[in-house]
1. Rounded to a whole number, what % of the accessible area of the chain do carbon and sulfur atoms account for, probe 1.4 Å?
2. Tell me which trypsin sites (Lys or Arg not before Pro) from the stretch 1-80 have a DSSP coil assignment and no more than 14 other beta carbons within 10 Å of their own.
3. Counting only complete DSSP H runs, which helices of the chain cover 20 Å or more along their long axis at the Cα atoms and score a mean Kyte-Doolittle of -1.0 or above?
4. Could you compute the net charge surrounding Lys82? Neighbours are other residues with a C-beta less than 14 Å from the C-beta of Lys82; K and R count +1, D and E count -1.
5. About the Cα centre, and with charges only on the beta carbon of Lys, Arg (+1) and Asp, Glu (-1), how big is the dipole of the stretch 1-104? Nearest 20 debye, please.
6. For the pairs Lys54/Lys140; Lys54/Lys130; Lys21/Lys44; Lys140/Lys169; Lys96/Lys130, note any where the Cα-Cα span goes beyond 22 Å.
7. Indicate the gyration tensor shape class of the stretch 119-177 (rounded, prolate or oblate), computed on the Cα atoms with a ≥ b ≥ c the square roots of the eigenvalues: a/c under 1.5 is rounded; otherwise a/b larger than b/c is prolate and the rest oblate.
8. Per residue, how much accessible area does the chain show when a 1.4 Å probe rolls over the protein heavy atoms, in square angstrom?
Amino acid sequence: MSPSAAQMSETESTQLFESGKVAMIYTGSWMASAFHTNEYTKDKVDVAYLPKGKENTSVIHGLGNVIAANTKHPKEAWEFVKYLGSKEAAEIQASKGAAIPAFNGTQDTWVKSMPNFNLQIFIDQAANAKAYPISKDTAKWAKLETEYMTKAWAGQMSVEDAAKELAQKMNELLAQE
């Protein structure tokens, strides 16, 4: 039996999963280290490929390192940011299981950092991934997405109607940017 939409909105899906109250969740590679250190999930769960629809794809985005424009130490900050983009830093990040490193050739270290999970799936699916969509004000339309899709999952409107209305409202917001 699946939790109700109200239960899912009251408690984060990862908490329900980690406590054994839901059997599966859709999340990303960023959760691997949390599941790896959680006593319930560490040796009881694994990663699975996303179901294939019309395309075998997923969504991907990344992290960036930035320097404040008004930093008092621009040279030092630049040296640090350059280091963060290096192979050495990527290997450290990967070995700790922090995130999939962007430096090509270091992803295998991340995969091996948590051998109890089939993390190679994330690397495989990245090859066909689409960039996470953003705009000047992503938060506005992301809020709409939550609003409309919550209604659909709660059975307050059909998925088709929710998707159509959401698309219309999102397009209106994007046209204003």
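1. 55 percent
2. Passing sites in the stretch 1-80 are Lys21, Lys42, Lys44, Lys52, Lys54, Lys72.
3. Span-like helices here: 138-153, 159-176.
4. Cβ neighbours under 14 Å give a net charge of -1.
5. In debye, rounded to 20, the stretch 1-104 gives about 240.
6. Lys54/Lys140; Lys96/Lys130
7. It is oblate, given that a/c is not under 1.5 and a/b is not larger than b/c.
8. Each residue of the chain exposes 71 Å² on average to a 1.4 Å probe.
The values are calculated or read from the model by the stated rules, or taken from the named source; none is laboratory data. Computed from a prediction, not measured in an experiment: that's the story for all the values here. FYI the Cβ positions are ideal-geometry reconstructions off the backbone, even for glycines, and counts take in every protein chain you see. Note: areas computed on protein heavy atoms with side chains; ligands, DNA, RNA excluded. Shrake-Rupley method; radii C 1.70, N 1.55, O 1.52, S 1.80 Å.
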